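The values are calculated or read from the model by the stated rules, or taken from the named source; none is laboratory data. What you see is a predicted model; the values in this text were computed from it and never measured. Virtual Cβ from ideal backbone geometry, glycine too; neighbours counted across all protein chains shown.
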Amino acid sequence: MGPAGPFCLAALRQGPAGLLRGSQVCSALQPPAAAWVWPDGHPYTSLGRGLFSGQSLVPNPLPMFSRLFSAPPSAFSAVSTLIVKVTYRCNLDCLYCYEKVSKTGQDMSIEQFKELVELSLSQTSSDQLTFLFHGGEPTLLPIVWYEEALDYALTRAQSLGKRVKFAMQSNLVRLKEEYIQLFQRYKIQLGVSLDQPVFLLDDSQRGGETKVFKNFRRLQTAKVKAGVLATINSSNYPNFYTLCEWLWSEAKQRSFKANVVTPVGAAHGQPPLQAEQIFMAQKAIIDYMIATQGQALIESNIALELGRYFEPEQAKPTLCHEKTCGAGRSALGVTPEGHLLPCGRFAWNEPAYYLGHISEQQQASRKDKKLLAQKITDFHAKKPENWYDCENCPAQKVCGYGCQAFILRSAEQANLDCLPTKMRFAYYQEKESDLKLVYEEIQKRQAGYSRTFRIKDKNGKWKRYKL
Ligand code: SF4
Ligand code: SF4
């Protein structure tokens, strides 16, 4: 496998899941039939809202029939995160890109985006929806496209009593001043990949990557929220301790996310990283967190696992770190042409995984919805051999079970994270007393954030205060 571009160049394609993975975005991963709702939030049963509404033709019929007559969920029923691939154009062509990008090609039309907004906001039972703009490179679209798109989403959300949030995964290779203003105006949260400290780059790579870091600093100066994702890939896995030090001291980060690269998309068929290589990177991060007693940089996936290790009863459902993840239910990918995908980690041109088109969701029949629900269930049930022994595995306590999208798209169709998870778990046991201190610091940090509150000032701007 050739060298990975150190900043974004290899890794930013891991982006949407990078932002999502391990996050606390979703709490409604698999709504039971009885919890399906009308767009207005009422329980959906034909007896309650349909033919027999308001009548009592059968004594107490609901328990008997509600499951039989419950409508299947629509594509957007439980969605809280939409990964919107606004273009498949990109100004880079990264070795590990999980997309099929090109220099020219189609962008999402503004009409298509508005239809997505309309249907997703009106059909989801979630009171908040995040639009994560992805690509290709989303900053290749003109500013006016975003202004019109985001104003429309904000207006429709307000009229429906819902909230929308915006995020974007960008390679930051070009960052016009107007884009920084756009990020500020609409509070767009950026996701950026930084895979290597600048001083570890060789001369052939330095030009592009130093520019990325410079743009990253411009965002910081402008107080635009920018989260860092580092992929663990074949060129950087031995350097993670140094990367942690650099992210803390130079990039001024308090946390980051380290996701393992899976050879899919542009890297399809390349040999995957060995479990020992993955663990080498993760152990370096754990060692760094121990050495700094959790008071410096924190890696989010490991922080989540430490929570499950020390306080399993407190564990909250997450989008990705589950046996059955939120793909196809709380998260959906959307292609520039408006096709729906189970997750942003599928490429725009993989029709085998399409869940239908946006435009079909308005008039979807009961049969269509049942087929959709079955398709999603089947998707999660594929390749069960990856989890044949989970019940007997002690590491199950912390396990995230791998990413089904990457498993299905890779040549091996194997869960690359299984063995490294077992290795991490054994290391957590070995370093338990040191890690307890780290975990206590993480808890303090989280509690510190929850001891703050927000109030609008007289200009309508939110301000955060500490208790
Ligand atoms: S580490 Fe592997 S065997 Fe163990 S619970 Fe996770 S996926 Fe299952
Ligand atoms: S397929 Fe599932 S685990 Fe993978 S990124 Fe999507 S939601 Fe997360």
For this session: Residues that are within 16 Å of ligand 2 (Cβ to nearest atom): find the helices (runs of 4 or more DSSP H) completely inside segment 392-462 holding 2 or more of those.
Result: 404-409, 418-430
Exercise. Between a first residue in segment 254-280 that is within 21 Å of VAL192 (Cβ to Cβ) and a second residue that is modelled with pLDDT under 85 and part of a helix (DSSP H, G or I), which pairs have beta carbons less than 6 Å apart while being 6 or more apart in sequence or on different chains?
Worked result: LYS257/GLY18; ASN259/GLN14; ASN259/GLY18
Seminar exercise, completed: Of (1) over 30 Å from SER249 (Cα atoms); (2) crowded, with 22+ Cβ neighbours inside 10 Å, ILE298 satisfies every one except (1)
Seminar exercise, completed: In segment 400-417, anything touching a residue at least 60 places away in the same chain (Cβ under 8 Å), within 8 Å of ligand 1 (Cβ to nearest atom) and not acidic (Asp, Glu) is listed as GLY400, TYR401
Exercise. Does any residue of segment 371-383 turn out to be near ligand 2 (Cβ under 10 Å from one of its atoms), within 27 Å of ALA267 (Cβ to Cβ) and either of a type in the set (Val, Ile, Thr) or in contact (Cβ under 8 Å) with a residue 40 or more places away in the chain (or both)?
Worked result: yes
Exercise. Across segment 346-398, what is the number of residues that are within 16 Å of ligand 1 (Cβ to nearest atom) and in contact with an Asp or Glu (Cβ under 8 Å, 6 or more places away or on another chain)?
Worked result: 1
Exercise. Any residue at all in segment 311-325 that is over 30 Å from LEU243 (Cα atoms) and more than 19 Å from the chain's Cα centre (by Cα)?
Worked result: yes
For this session: Could you tell me which of the residues ALA267, ALA291, ALA303 is within 21 Å of the chain's Cα centre (by Cα) and at pLDDT 95 or above?
Result: ALA303
Exercise. Restricting the search to segment 266-293, which residues are part of a helix (DSSP H, G or I), crowded, with 16+ Cβ neighbours inside 10 Å and among the hydrophobic types (A, V, I, L, M, F, W, C)?
Worked result: ALA266, ALA267, ALA275, ILE278, PHE279, MET280, ALA281, ALA284, ILE285, ILE286, MET289
Problem set entry | Residues of segment 225-264 satisfying the condition of being within 18 Å of the chain's Cα centre (by Cα), among the charged types (D, E, K, R) and at pLDDT 95 or above | LYS257
Exercise. For segment 322-340, what are the residues that are touching a helix residue (DSSP H, G or I) at 6+ places or on another chain (Cβ under 7 Å), in contact (Cβ under 8 Å) with a residue 60 or more places away in the chain and buried (at least 21 other Cβ atoms within 10 Å of the Cβ)?
Worked result: CYS325, ALA327, ARG329, ALA331, VAL334, LEU340
Exercise. Looking at (1) within 11 Å of ligand 1 (Cβ to nearest atom); (2) in contact with a Pro (Cβ under 7 Å, 6 or more places away or on another chain), which is the only condition ALA327 fails?
Worked result: (1)
Exercise. Just to be sure, is LEU62 in contact with a Gly (Cβ under 8 Å, 6 or more places away or on another chain), surrounded by fewer than 22 Cβ atoms within 10 Å (Cβ to Cβ), modelled with pLDDT under 85 and farther than 20 Å from SER170 by Cα?
Worked result: yes
